[in-house]
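In what follows, a structure is listed as structure tokens, so that the remarks can point back to it.
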Amino acid sequence: MRHLLVPEDLSAHEIETIFAISQDLETKYDAGIREALFPGRVLALVFEKQSLRTRVSFQTAMVHLGGSSLFLGADTGFASSRESLDDFGRVLSEYVDCIACRSKSHTTLEALAAVSSVPVINALSDFSHPCQALADCYTLRSRFGRLSDLTFAFVGDGNNMARSLAVTCSLLGMRFVLAAPEAYQFDEAFQEHLKTILPDAQIQQTTDPVTAVKGAVAVYTDVWASMGQESEREVRQAAFQPYQVNAPLMEHCPDAVFMHCLPARRGEEVTDEVIDGPQSVVVAQAANRLHLQKGLLAWLLGHD
Ligand code: CP
Ligand code: NVA
């Protein structure tokens, strides 16, 4: 029984296996085939924050795989005073085959996984968003045919998305560059963690977005204030203004794709011209959440 809380819970080989299953299921889906691999299996979605892509792609994936899903919002009392997290997790995992959880705090997610008798998937926490990062690398693999030795530039906050992508890209042999104001780059603890788990990784940080995007095959950004950071919005808007991904920045990497996990704050971290322009692959990224998570579910449930 395996959990996926952070991308480094998987080895490079396991990611390649998940990509292969995802590709197989995507090819069959495109041909009109929806194999009912897991009839009767149930995925619980425990969400403490809003979601479109993660929620709908997981629910649809379970339908395509012949199983079903339950969406559990605030009224189930997760991480509340209604009952202990341990009781919640121990009981829920008696009913279902897998749990996908979007938690306000990564610590809560770890506590849930610690008591769960079924696999727990991180559907986004304040620390990490592994499903999005895996789908993004799957998108790049489909586009470029390989990942090894390619350069990935993240321009913006060193947040859950940037951390997950730094690890996933590095596991798959890419170079990773983060361009952010110093105060929003990876903290010491995460940098030390990266050195420990990925000693050969090529991960750089800079305050200069132009340096970051030159030579990159992908330029990625995300909101400047993530869910839960709304009160910091004005301060962050001022700090990140020079990091907006706009047409002048993309002129430094005419062959790169533009990526964003969505939802986007158009006019802030990215201009309409870029997100709607010819370099943008944001809709393909969102679509690939479905295919990648089908592969992930098939891999995880196959481990039972
Ligand atoms: N990218 C992503 O996770 O989107 P949602 O917040 O809509 O699930
Ligand atoms: N960093 C964003 C990602 C949303 C998919 C957030 O946590 O709100």
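The values are calculated or read from the model by the stated rules, or taken from the named source; none is laboratory data. What you are looking at is a predicted structure, and each value in this text was computed from that prediction instead of being measured. Cβ coordinates were reconstructed from backbone atoms using ideal geometry, including for glycine residues, and neighbour counts include every protein chain displayed. With ligands, DNA and RNA removed, areas are computed over all heavy atoms of the protein, side chains included. Shrake-Rupley method; radii C 1.70, N 1.55, O 1.52, S 1.80 Å.
Can you give the % of DSSP beta bridges in the chain that are antiparallel, to the nearest 5? Bridges in the chain that DSSP calls antiparallel: roughly 0 percent. Here the Kirkwood formula puts the hydrodynamic radius of the range 193-246 at 13.6 Å, using every distinct Cα pair. Could you work out how far the C-alpha centroid of the range 131-177 sits from that of the range 7-50, in angstrom? Measuring centre to centre over Cα atoms gives 19 Å. Computed across the range 157-197, the Kirkwood radius stands at 10.5 Å (inverse of mean 1/r, all Cα pairs).
Send over the Kirkwood Rh of the range 83-220, from the inverse of the averaged 1/r over different Cα pairs, rounded to one decimal Å. Over the range 83-220, the inverse of the mean reciprocal pair distance is 16.2 Å. Applying Stokes-Einstein at 4 °C and 1.567 mPa s to the Kirkwood radius of the range 104-162, computed over alpha-carbon pairs, gives a translational diffusion coefficient of 97 µm² s⁻¹.
Quick note on the chain: its Rg to Rh ratio, both from C-alpha atoms and Rh being the Kirkwood radius, is 0.96.
For the range 73-144, take the convex hull of the Cα atoms, compute a quarter of its surface area, and give me that in nm², please.
Numbers: hull surface 22.0 nm².
Averaged projected hull area, Cα only: 5.5 nm².
Scaled against 2.2 N^0.38 Å for its residue count N, the alpha carbon radius of gyration of the range 204-304 is 1.26. Diffusion coefficient (Stokes-Einstein, Kirkwood radius over C-alpha pairs, 25 °C, 0.890 mPa s) for the range 1-97: 158 µm²/s, rounded to a whole number. Taking only protein heavy atoms and a 1.4 Å probe, the accessible area of the chain is 50% carbon and sulfur. Relative protection proxy for 269-279, 183-193, 213-223, from highest mean packing down: 213-223, 269-279, 183-193 (other beta-carbon atoms within 10 angstrom). The peptide list 86-93, 196-203, put in order of mean Cβ contacts within 10 Å with the highest first, becomes 86-93, 196-203.
Based on protein heavy atoms only, the chain ends up with 42 Å² per residue of surface accessible to a 1.4 Å probe.
For the chain, the longest principal axis of the alpha carbon atoms and the long axis of helix 282-302 meet at an angle near 40°. Relative to the longest principal axis of the Cα atoms of the chain, the long axis of helix 130-144 lies at roughly 60 degrees.
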